[in-house]
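**Student:** The structure's right below; bear with me while I get my questions together.
Bear in mind that the values in this text are calculations on the coordinates, not laboratory data. Owing to the predicted nature of the structure, the values given are computational and were not obtained by experimental measurement. Glycine also receives a Cβ, built like all others from the backbone with ideal geometry; neighbour counts cover every protein chain displayed.
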């Protein structure tokens, strides 16, 4: 059976003051039906742009340079890159078959419409139904994401809701057409820690009930550990490691993944002094780097790292883009 | 909401009072003897004397001020130096004529600018956008009286399609309204475009697109409704500009409006008419400001709660 | 400053119109010498001549050479607007800096007054000034200057307020510096850029309004030539001599257009927020070459 979504060699470029930035530079991954794929990386690594590219929502000054986004929709499997970005089919997919939740619920909701209107809009764009029925469905959706007094909230504007409530409304809005794929772009980053936990619980609950797949984007490894089935780690527009979530946390292969794990406070148990930061900074996206993009910051850098770009390789399930793992050198690495 | 309207009404009354006081002061700031000015340069000394007594110009200032305020509050702005008609009778019908001209011009400008500005922002950077931008640039660089004269020459003198002065039929409206409206339309289009470009760059636009909303709906429902907040302020300021521009337009097309009355009364030194015209003209601005404030609370749900 | 000129010269439209504007000012300064005829000399027998080699824009009802009058009017307009801008800056900036620095009651009063002034359009203010001062060039200068005063006060007050919080200004206060010194030394250098931008953006508005006032007969008085006033006279001869409107209209349009474009370009280069526009322009050139976009 083919996966629900398969991305192959996706490249997205942006034009900046300093030249062309390769925000997404040959990314490939796939999501099976019913699974949750976590995408991890620092800000600016291209994870958000990737998610927007799937929905063909890359705004100028960015554009999709090349690649395939194969989506097994309700009717047939098709390449989203080949569809017109604002055509009828693409619009039917957006919200109807692939829905999205954004990072900042304050700015992602339209301030001049009630959240009820905005939710009903999401429904009626895809299903023709009388206004009263749409309204009922929306209120039911609000109730199902744990919004108290949904009837009353229905008539309220985004600024009248707390951050957590806004994000719940966003989730209700995304889920109302029962999509096959939900893209969640850092859905908890902008929230307070306690609210974060609540929204994550909600998302986990949704995930259990929901038979579709989730693409979960975050920079927080702790969140990934609780949410995802599989994980890809991105660095400077490339996938550097891809593994089932358990394997990634037990045996991280890429030095960058190891660095991320060591610098995540929620994952280092007990001894706090072990918390480390990764040396150096992410190079400018317009800067061209020969060889592995992580080489300038890598503690295990070898001469060949600066010459050629390592391919994503390894087993069927756990793969890393690092020369340390290309020639069965895992033992050697562990000894270091 | 009612509290806001009330406070603005209080402001309006206060502004009107200040305005009257200012006009009174103005009367006395004008170089020369007011009685002599009113009588005319060649009037005999007896007439000047009688005017001085009749208007109380020989009284102390505060007495003059009080009696002036009293008269004005009773609706007595005096009589015109020339026609001897009560000022109120001269001014009031003019207000309607100016409102008709400025209103039509505003409607024209708002419609044109909302359409052109939105499409320009929708096709941002493309040929449509460039064309609209060039049009509006030429528009804001051509003063009303140049457009008006060219219009008169083309449609009135050369083609003889349209009347060029007065306001006795609907055809009389076309040239003045287009002249005044075109300038405002150019100005508004620029600003509507930048408001729309700004609104289209917001996060909720991506949300709307991600819901599958067609571009038409994204632009004219989600973005326009948000851009409306700054646009309403803009149009409110635009009413002021339009009224200001109507002074020139009325002069070009012999339009019997308040603006031309004001200019004529200055050129003929008809002080009572001038006072009345300036007072009502200024009060219109204050009223328009009030209306814009009220409109704004309607357009932005956040204002009434914060 | 060098960076400014480099940015400016990269924008060909701004460069061309910058040169045109420069040309207009050169014409204004040298008007007396380059005018082909005497702008005041009347010759009734030679009246209302259509454009010819001798008189490019024709002659008016008194037989005066329109081109010479347009050229002299350039000088009148340039002088008028420059003085009006100076008036607004010289009066507005010190007031704005003082009330911004000291705050308190004076600040509140000044800001209320500017609020009220901003309700009324320039023409209203101008008419009142003309009533007091009489229709004249001086009246126009005062009216234009006063109309821009609230804006100048607001800008300089805003900059002063934000600078007051800066550490180095607080340090200077702590070191015992008195306010005139602080305003001159620390605040003024930061105000000059926004004031220059504002003055440039004001210029086309002033040109338009000065000629509108003169068109109404409330500004520059004949026989001194002014574009608006010339158009007012030309309007009466539209049937027999429509060419009389060409000279003043073109001059007015060109001056306002180039001043507008230069103002926009200046704002774009001096204000980093608007800089992204240039990138988007380039984006369309680059992305169209790519197969997908």
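**Student:** Under the rule of -39500 (n - 2.57) per DSSP H run of 4 or more residues, summed and divided by the residues of the protein assembly as shown, what mean residue ellipticity at 222 nm is obtained, to the nearest 500 deg cm²/dmol?
**Tutor:** Calculated from helices alone, the mean residue ellipticity at 222 nm is -19000 deg cm²/dmol.
**Student:** Right, here's the next one. Thinking of the stretch A:1-150 as a set of Cα atoms, what percent of all their pairs are more than 28 Å apart?
**Tutor:** Counting pairs separated by more than 28 Å, the tail of P(r) holds 30 percent.
**Student:** Let me ask another. Taking every eigenvalue of the Cα gyration tensor of the protein assembly as shown, multiplying by 5 and rooting it, what semi-axes result, largest first, whole Å?
**Tutor:** 65, 32, 28
**Student:** Give me P(r) over the stretch A:170-259, computed from all C-alpha to C-alpha distances, binned every 5 Å, as integer percentages.
**Tutor:** Values per bin, smallest distances first: 3, 12, 24, 23, 18, 14, 6, 1, 0.
**Student:** Moving on to the next point. Can you tell me what percent of all Cα-Cα pairs in the stretch C:221-264 are more than 13 Å apart?
**Tutor:** When all Cα pairs of the stretch C:221-264 are counted, 58 percent exceed 13 Å.
**Student:** Here's a follow-up. What number, in percent, do you get for the relative contact order of chain B if the mean sequence gap of Cα pairs under 8 Å and at least 6 apart is divided by its residue count?
**Tutor:** Answer for chain B is 25 percent.
**Student:** With no solvent and one equal point scatterer per Cα, compute the Debye intensity ratio I(q)/I(0) for chain A at 0.08, 0.16 Å⁻¹ and report its log10, rounded to two decimals.
**Tutor:** -0.40, -1.43
**Student:** Something else: Any idea what Rg and Dmax come out to for the stretch C:130-216 if you just take the C-alpha atoms, in Å?
**Tutor:** Using the Cα atoms of the stretch C:130-216, the pair Rg, Dmax is 17.8, 56 Å.
**Student:** Using the alpha-carbon atoms, what tilt in degrees (0 to 90, nearest 10) does helix A:163-175 show relative to the longest principal axis of chain A?
**Tutor:** The two axes meet at around 80 degrees.
**Student:** Evaluate the relative contact order of the stretch A:1-146 (contact order divided by residue number), counting alpha-carbon pairs under 8 angstrom at least 6 apart; express in whole percent.
**Tutor:** That works out to 20 percent.
**Student:** Any idea what diffusion coefficient the stretch A:20-93 gets from Stokes-Einstein, in µm²/s, Kirkwood Rh on alpha carbon pairs, 20 °C, 1.002 mPa s?
**Tutor:** Rounded, D is 158 µm²/s.
**Student:** Right, something else. Pick from C:143, C:172, C:35: which is most flexible by mean-square fluctuation in a GNM of chain C where alpha carbon atoms under 10 Å apart are linked?
**Tutor:** Of C:143, C:172, C:35, the most mobile in the Gaussian network model is C:172.
**Student:** Percent of Cα-Cα pairs more than 22 Å apart in the stretch A:79-176, please.
**Tutor:** 29
**Student:** Tell me the angle of helix C:246-270 to the major Cα principal axis of chain C, expressed in degrees between 0 and 90 and rounded to the nearest ten.
**Tutor:** That works out to roughly 20 degrees.
**Student:** While we're on this one: Would you kindly work out the equivalent ellipsoid of chain C from its C-alpha gyration tensor and give its semi-axes, the square roots of five times the eigenvalues, largest first in whole Å?
**Tutor:** Working through the eigenvalues yields semi-axes of 41, 28, 16 Å.
**Student:** For chain B, report the translational diffusion coefficient in µm²/s to the nearest whole number, using Stokes-Einstein at 20 °C, 1.002 mPa s, and a Kirkwood Rh over Cα pairs.
**Tutor:** 96
**Student:** Evaluate the relative contact order of chain A (contact order divided by residue number), counting alpha-carbon pairs under 8 angstrom at least 6 apart; express in whole percent.
**Tutor:** Answer for chain A is 19 percent.
**Student:** Also, quick follow-up: Given springs between every Cα pair under 10 Å in a Gaussian network model of chain C, which of C:41, C:226, C:268 has the largest fluctuation?
**Tutor:** C:41
**Student:** Using alpha carbons only, how many degrees (0 to 90, rounded to 10) separate the axis of helix B:171-200 from the longest principal axis of chain B?
**Tutor:** Helix B:171-200 sits roughly 50 degrees off the main axis of chain B.
**Student:** Choose one answer from A:315, A:96, A:38: the residue with the largest mean-square fluctuation in a GNM of chain A with alpha-carbon springs under 10 Å.
**Tutor:** Comparing A:315, A:96, A:38 in the GNM, the peak value goes to A:315.
**Student:** Would you list C:164, B:130, C:235 from fewest to most Cβ contacts within 10 Å?
**Tutor:** With the fewest neighbours first, C:164, B:130, C:235 line up as B:130, C:164, C:235.
**Student:** What shape does the stretch B:156-306 have by the C-alpha gyration tensor, where a ≥ b ≥ c are the square roots of the eigenvalues, rounded means a/c under 1.5, and otherwise prolate means a/b greater than b/c and oblate the rest?
**Tutor:** Since a/c reaches 1.5 but b/c is at least a/b, the shape of the stretch B:156-306 is classed as oblate.
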